[in-house]
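Structure first, then comments.
The values are calculated or read from the model by the stated rules, or taken from the named source; none is laboratory data. Everything numeric here is computed off the predicted structure, so don't read it as measured data. Here the Cβ is made from the backbone with ideal geometry for all residues, glycine too, and neighbour counts use every protein chain on show. Just so you know, the surface numbers come from the protein's heavy atoms only, side chains and all, with ligands and any DNA or RNA stripped out. Shrake-Rupley method; radii C 1.70, N 1.55, O 1.52, S 1.80 Å.
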Amino acid sequence: MRKLLVANRGEIAVRIARSCREMGIASVFAYDERDDSRFVRRFFDSIVPVASYLDVGAVIDAARKSGADAIHPGYGFLSERAALAAACEDAGIVFIGPKSKSIAAMGSKSESRQLMTRLGVPVVPGYDGEDQSDATLTAEAKKIGLPLLVKASAGGGGKGMKIVRDPAELQRALESARREAMKAFGDDRLLLERYIEEPRHVEVQVFGDSRGEIVHLFERDCSLQRRHQKVVEESPAPNYPETLREKMTKAAVAAARGVDYQNAGTVEFIVTPDGEFYFLEMNTRLQVEHPVTELVTGVDLVRAQIDVASGKPLPWKQSDLRQRGHAIEVRVYAEDPADRFLPQSGRIAVYREPSGPGVRVDSGVMEGTEVGVNFDPMLAKLVCCAESRDAAIDRMDRALRDFIVLGLNNNISWLRRVVTHEEFRAGKVSTRFLAEHENALMATTPEIVPLIAAALASTPRTVKSEPAGVTCVWDALGPWGR
Ligand code: ADP
């Protein structure tokens, strides 16, 4: 492999480009001109335009035009579309990910549930059959009982998911889930699952190579979610019994083996308050939250992805892998927690990332970046690790205080309230956590940073001054603070 094209944007494009540089592989950034990618481009050896990250043909063309012999899809967009992996296989381009047949086998939640059942991996009691008539779905819903979750079989990102608590709501939930699924995925097949109250979301990182070796790299707890979307992730899962960890990692490896899995993948489980776990789905790609695994195990998952895709064996044996210390990741978004978390757009006027021991920032923006409306408004991932969970939380609290983003609303101070909440500190996490503590997590006094941000947002130019000894917001503001 000599030249690798990254068919993605933002922080994940930067993450992959860094590994390429470390490995002596030339990197090409496929950019969408609607995206302000001035920061991302700095990390690449060359760039090539792409009409859309969602168009298989356009991505393959971009690779051909730039002379790339490999494509890394990042996460999202085409990363879980078997068609891109298949097109690469046909074009003789190395796809950094699993074989297209493994992606296809895990592409539908219904089919992957059926496969898991055959493999003896537990799935949430529910209905994943072919018959999609209202009569059958209603009869099956009765068997499962309430509360119930209607899901899009082709789903992702929490779309097309409806909770039903009253039999009278079922029909409406089926209709709106079908509509949403058709719009988002072009496929309106549904499945029904028992809705588990107060569960945890725990997932296992797996990795396979072309020789059939498969290892796991332990778990990540991603229970802190808003609208089924992850916000905070950590490893190890807090207050997690070792027997459960062993059973779950074993089930995850069995799931991966069942689809001849190669490269990095994640097997997601839902865990009931009494410690039962069920398969949710397998994500056949690198996850947003992969850094927490890297920090507790000390591996480089992207480097391993590139090595394994070029036919090399896994760089580690299962017995080499250990969890050491604790890592937590938070997703920093341009959004307004005070106004229903509405995505924000505009220019980043001031941008200061935290640093120091155990602090990692994977970001895709810089001072002056225009955050647009066409793409996900995640600005950066802040990941902190330390020898214990308590110390990692203290470090995250400190790093969030040091993280300054002015010019548009963001969730930094809200994240600080999340990670310093006493229930989070106690490790009492569930997917209901953020909704349950919604009020407590809202700011009670006006915050100074958003006020300054609001003032700065109206300034048309970038703040360029770099005052020495920046220790607080006022210093960082330079001429604007006077
Ligand atoms: P998506 O692919 O859209 O992300 P998932 O099936 O991975 O959908 O589920 C996303 C989240 O929705 C889970 O992490 C969990 O919080 C919640 N969820 C999914 N299935 C259930 C269930 N049966 N009961 C309760 N919550 C669920």
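Hey, if you put +1 on the Cβ of every Lys and Arg and -1 on every Asp and Glu Cβ in region 3-96, which of I71, V48, A26 ends up farthest toward the positive end of that dipole?
Checking the options against the dipole of region 3-96, the answer is A26.
In a shell of Cβ-Cβ distance under 13 Å around A105, excluding A105 itself, what net charge do Lys and Arg (+1) and Asp and Glu (-1) give? Let's see the in-between values first.
Working: positive: K99, K101, K109, R113, R118, R257; negative: E80, E111, D260, E281.
Here the count lands on +2.
Treating the beta-carbon of each Lys and Arg as +1 and of each Asp and Glu as -1, no other charges, what is the dipole magnitude of the chain about its Cα centre, to the nearest 20 debye? Kindly include the intermediate steps, with their values, before the conclusion.
On the way: 64 positive and 68 negative charges, 129 e Å.
Dipole magnitude for the chain comes out near 620 debye.
Sequence neighbours fewer than 8 away in the same chain don't count; with that in mind, list the lysines whose C-alpha is under 26 Å from K381.
Hits, sequence-local ones excluded: K159, K230, K428, K464.
How do the peptides 173-179, 407-413, 186-192 rank, highest first, by the average count of neighbouring beta carbon atoms within 10 Å per residue?
On the way: 173-179: 17.7, 407-413: 23.7, 186-192: 20.0.
Highest-to-lowest ranking by the protection proxy: 407-413, 186-192, 173-179.
Over region 3-96, what lengths in whole Å, largest first, do the semi-axes of the equivalent ellipsoid take, defined as the square roots of 5 times the eigenvalues of the alpha-carbon gyration tensor?
Details: eigenvalues 66, 43, 27 Å².
So the equivalent ellipsoid measures 18, 15, 12 Å along its semi-axes.
Just need the relative contact order of the chain here, percent rounded to a whole number, with Cα pairs under 8 Å and 6+ apart. Display every interim value, and only then the final one.
Values: 1025 pairs, mean separation 65.6, N = 482.
Value for the chain: 14 percent.
Given the convex hull over the Cα atoms of region 125-194, what projected area results after averaging over all orientations, in nm²?
Values: hull surface 15.8 nm².
That works out to 4.0 nm², a quarter of the Cα hull's surface.
K65: which lysines have alpha carbons under 28 Å from its alpha carbon, excluding same-chain residues fewer than 8 sequence positions away?
List returned: K3, K99, K101, K312.
Taking only protein heavy atoms and a 1.4 Å probe, what accessible area per residue, in Å², does the chain have with all protein chains in place? Walk me through the intermediate numbers first.
Numbers: 20380 Å² over 482 residues.
Value returned for the chain: 42 Å² of accessible area per residue.
Give me the percent of accessible area attributable to carbon and sulfur for the chain, probe 1.4 angstrom.
Details: 10060 of 20380 Å².
It is 49 percent, rounded to a whole number.
Which GluC sites (Glu not before Pro) in region 81-135 pass both tests, a DSSP loop state and at most 15 other beta-carbon atoms within 10 Å? Show your work: numbers first, answer last.
On the way: sites: E89, E111, E130; in loops: E130.
For GluC sites (Glu not before Pro) across region 81-135 that sit outside H, G, I, E and B with at most 15 neighbouring Cβ atoms in 10 Å, the list reads E130.
Could you work out the helix-only [θ] at 222 nm for the chain, with each DSSP H run of four or more residues adding -39,500 (n - 2.57) and the total divided by the number of residues, to the nearest 500 deg cm²/dmol?
On the way: 17 runs with 163 residues, N = 482.
Counting only the DSSP helices, I get -10000 deg cm²/dmol.
Which of the peptides 116-128, 322-334 is most tightly packed, and how do the rest follow, judged by the mean count of other Cβ atoms within 10 Å per residue? Walk me through the numbers before you get to the answer.
Details: 116-128: 17.6, 322-334: 21.5.
Taking the mean over residues of other Cβ atoms within 10 Å, the ranking is 322-334, 116-128.
Which helices, taking whole DSSP H runs in the chain, have alpha carbons extending 18 angstrom or more along the helix axis plus mean Kyte-Doolittle at least -1.0?
Both cut-offs are met by 10-23, 170-185, 242-258.
For a quick size check, give me the Cα extents of the chain along its three principal axes, largest first, whole Å.
Principal-axis extents of the chain (Cα, largest first): 68, 54, 44 Å.
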